[in-house]
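Where a number appears in this text, it was derived from the coordinates with a stated rule and is not lab data. Since this is a predicted model, take the numbers as computed values, not measurements. All Cβ positions, even for glycine, are placed from backbone atoms using ideal geometry, and neighbour counts span all protein chains on display.
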Amino acid sequence: MGGLFSRRKNSGVDAEAKAALRSFDHASRASLLQSLEKSDLGWFWASDAEGRLVYLSDPAAQRIGRPFSDINGRSITEVFQPVENSEDRGTQRPLKFQLAARNSIKPVTVKLDMGEGQSWWEIAAVPQTDSEGGFMGYHGIARDVSDTFQSARDAEKLSRYDSLTGLSNRYRMSQQLGATLTAFKVSKRSCAIMLIDLDRFKQVNDTMGHPAGDELLKQVAGRLQRVLGDKVEIGRIGGDEFQVIMPDEDDRGVLGDLGQRVIQMVSQPYSINGMRAVIGCSVGIAVAPFDGIEEEELIKAADLALYSAKGGGRGQFRFYSSDLRDQASHRHQIEADLRDAIARDELQMHYQPIVDAKTHEVACVEALMRWNHTDRGMISPADFIPVAEEVGIIRELGEWALNEVCRTVQTWPGDIRAAVNVSAVQFASEDFVEIVKRALSTTGIKPSRVELEITESVFVGDMERALRVFHELKDLGVRLSLDDFGTGYSSLSYLRDAPFDKIKIDQSFVRGCTAEDNKNEAIIAAIVSLATALGMETVAEGVETKDELAAVTSEGVSHLQGMLFSRAVPDADIVARLEAGELHYVPRGPEKYRAERRTEFRKIGLIHENDRYNVFLRNISKTGAKIEGLLEVPVGTDIVIDLGGGQLAVAKVRRSEGFSQGVEFETPLISDGADGLCTRHRVSPYQIEAAGRPLRALNDEAVAAITGVMGSNTKAFVEVEIT
């Protein structure tokens, strides 16, 4: 009975519901939809078969800010625009794709241009068909999701962008680089990356405070964006380290110029809360697929290049080369041995004369540190001084040098002065003045015979402290010399306030100053005029040729220094001249400046027609080289020089005598950022892959294999053994 009663009761309810539904006519349904539209919970839209909007709820049109009559007849994609640059694009099918398929439109986010702003909507729709199944358009719904969309975008940005500078963060840069390298590997394209590390940023952070450091980073980011443009991806990947991804760039001439522009731009002074700050930067550059195929491999290559740039004295750029792996190991060994160099009595001071420009008599000497390693012989200061600065023992080396020079020079006859280099790290020590005072007192040297050579970088951060230290040093009676003037941090304000006795004009302005279209001589003249007006002496560094000597002398420099007069020599050599009264130095050297040639002695490859030879490279310049190892090669012979690392230089023999040839390059070489030269372009690993070898970073064996596989039985030239 209960079951039957229940079924009868439900039947009554169903009948009542059906009756109510019949009474809910079309007008009532329309009223319901209107109520829904007015509530802003959702709106309706419709299109015709051609994809043109034919209906949009009035509240929706009002939200856009224009009447429906302005929208009527426009294409769906013109009104509902795709969301561009979304980090999660690809997770939903684009609207155009869904419209073309004429299937149901799954919920998709679109952008609407509202004239004075933008909003984001989520739309969905179902296709409408006629009685024969023909497509008639869409009926759809829409809702405003601007708030949630913007919140999601902000959250996405926080996870992918640096909150301080607005640049991409390490995560996003890694994602971008990985995706780029994967895609470019398929399409056989190149991609360069640049690592930028700020020099002396910690000093600014420590002296001016972390808020000032943050402001400095923001200003650096802005400068990088201006100099690099919008065709690259720039990211901040660490505290003071930045990364740049440059698609489709493998010309090392372009990359080197760009690296130099970055260094120059970053090195310009900054104004932070009314204070002046000066930093610099070092740059490492690597290019895929030449230096690495995968992300990790390429980053490691760029990091080694950056490490080399910092080790070379900072404020420089370096390209990656396979030699850097060996250099990194060498540098690690230097660091390990340098800590014991003083204890083992391996350090020495050599002295380079600085002569009077009119009489050529020695007026001063510059003390230069040398390291005579017990097992490896003389190690260049260019190798160990940067290491000493990086590992924190430069202060110890600097104090030893000051005491050694004072002790030695005090025993020399006469009143000749000695200049001692002071690093910015050493100068920043709170007890630096006391160290100088103690060296003078302990050795008994007359203070006026001691000259401290200080670079402009000491003015970074706390200029007031720097000026105070200068005056305290002058009170001790020592002389002050501004070293490497004009190389990036020059400021008339500290020249006005600091009590310098001498300005040293950096050798980069002296070298080649007589060359055509070179403006260095005008710069030298301006520096000399400024120094004279301030009552300071001037020294032209790096004078190596007689035409350079004539040029700098004509501009009025008061003192000269360089290989034209003497290299740096041991203490005994200077003492011997002083005791003999031989104070006059005769300039000996080339008459004219010419493009620098690096003296080398290494085996390289030479390709002529279909044959490959082994020859020795004796010297090299931007425009040519001297090679040895082939007999009687005719003048005018076209050859290709394999300089290693995929560097092939097309050349022509211009001089030939016996087994020695002078060749001229078709395209001049460029600077590698260090003291070397390199080609603008290299053999592409994609070319090597096409020859049947696996795709991998460049190596000499693979390059040699594809350039010497067609050797003939009878070679045109005879190879001779060079020892």
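Sequentially through region 570-582, phi angles give Karplus couplings (6.51, -1.76, 1.60; θ = phi - 60°) of x, 3, 4, 5, 5, 4, 4, 5, 5, 5, 8, x, 8 Hz, Gly and Pro residues having no value and appearing as x.
Each 5 Å bin from zero holds the following percent of Cα-Cα pairs in region 173-236: 3, 14, 19, 18, 15, 12, 8, 5, 4, 1.
Taking 26 Å as the limit for the C-alpha separation, the pairs 358/592; 157/231; 202/446 exceed it in the case of 202/446. Amide H to amide H distances under 5 Å link residue 161 with 169, where only residues 5 or more positions off or on other chains count and H is placed in the peptide plane. Listed values for region 64-69 are Karplus-derived 3J(HN,Hα) couplings in whole Hz (6.51 cos²θ - 1.76 cosθ + 1.60, θ = phi - 60°), namely 5, x, 8, x, 4, 4, and x replaces Gly and Pro. Applying both filters, DSSP loop and at most 10 other Cβ atoms within 10 Å, to the trypsin sites (Lys or Arg not before Pro) of region 197-275 gives 231. Computed from Cα positions, the angle between helix 381-391 and the longest principal axis of the chain comes to roughly 50 degrees.
For region 627-657 versus region 329-394, the inter-centroid distance based on Cα atoms is 38 Å.
Label-to-label distance, residue 722 versus residue 693, with points set 7 angstrom from Cα along the beta-carbon direction: 2.3 nm. Computed over region 123-255, the percent of Cα pairs more than 17 Å apart is 71. Per-residue extension of 0.36 nm, minus the Cα-Cα distance of residue 435 and residue 322, leaves a gain of 36.4 nm for this segment. Rounded to the nearest angstrom and listed largest first, the equivalent-ellipsoid semi-axes of region 280-356 from its Cα gyration tensor are 32, 18, 9. Relative to the current alpha-carbon distance between residue 635 and residue 575, full extension at 0.36 nm per residue lengthens the span by 16.5 nm.
Principal semi-axes of the equivalent ellipsoid, √(5λ) from the alpha carbon gyration tensor of region 400-471, are 24, 12, 10 Å from largest down.
For region 340-399, the list of trypsin sites (Lys or Arg not before Pro) that fall in a loop by DSSP and count at most 12 other C-beta atoms within 10 angstrom reads 344, 358, 376.
Potential lengthening of the chain between residue 106 and residue 554 amounts to 153.2 nm, from the contour at 0.36 nm per residue minus the alpha-carbon distance.
Each principal axis of the Cα atoms in region 349-496 has its own extent, and those three values, largest first, are 43, 39, 33 angstrom. Radius of gyration over Kirkwood radius for region 649-692, both on Cα atoms: the Rg/Rh ratio is 1.13. Would you mind getting me the FRET efficiency between residue 497 and residue 330? Use the beta-carbon distance for r and R0 = 51 Å, nearest 0.05. So the FRET efficiency works out to roughly 0.75. Taking amide hydrogens as placed 1.01 Å from N in the peptide plane, the amide H of residue 136 sits under 5 Å from those of 128, 129, 130, each at least 5 positions away in sequence or on another chain.
Take 534-545, 160-171 and order them by the average number of nearby Cβ atoms within 10 Å per residue, most first; the result is 534-545, 160-171. Placing pseudo-labels 7 Å out from each Cα toward the beta carbon at residue 300 and residue 170 gives an inter-label distance of 1.8 nm. For residue 317, the residues 5 or more places off, or on other chains, whose built amide H falls under 5 Å of its own are 283. Each residue of region 294-304 was assigned a 3J(HN,Hα) from its phi angle through the Karplus curve 6.51 cos²θ - 1.76 cosθ + 1.60 (θ = phi - 60°); the sequence is 9, 4, 4, 5, 5, 4, 4, 5, 5, 5, 5 Hz, with glycine and proline shown as x. The GluC sites (Glu not before Pro) of region 639-716 that DSSP puts in a loop, and whose beta carbon has at most 14 other beta carbons within 10 Å, are 666. Three principal axis extents describe the C-alpha atoms of region 618-680; from largest down they are 35, 18, 18 Å.
Only DSSP H runs of four or more residues enter the estimate; each adds -39500 (n - 2.57), and after division by the residues of the chain the mean residue ellipticity at 222 nm equals -11500 deg cm²/dmol. A simple spin-label model places pseudo-atoms 7 Å from Cα toward Cβ; at residue 628 and residue 378 they are separated by 2.1 nm. Note on region 435-577: Rg/Rh from Cα positions, Kirkwood definition for Rh, rounded to two decimals, is 1.00. For the chain, the Cα gyration tensor yields ellipsoid semi-axes of 70, 36, 22 Å (square root of five times each eigenvalue, largest first, whole Å). Expressed as a fraction of 2.2 N^0.38 Å, the C-alpha radius of gyration for region 584-665 is 1.23.
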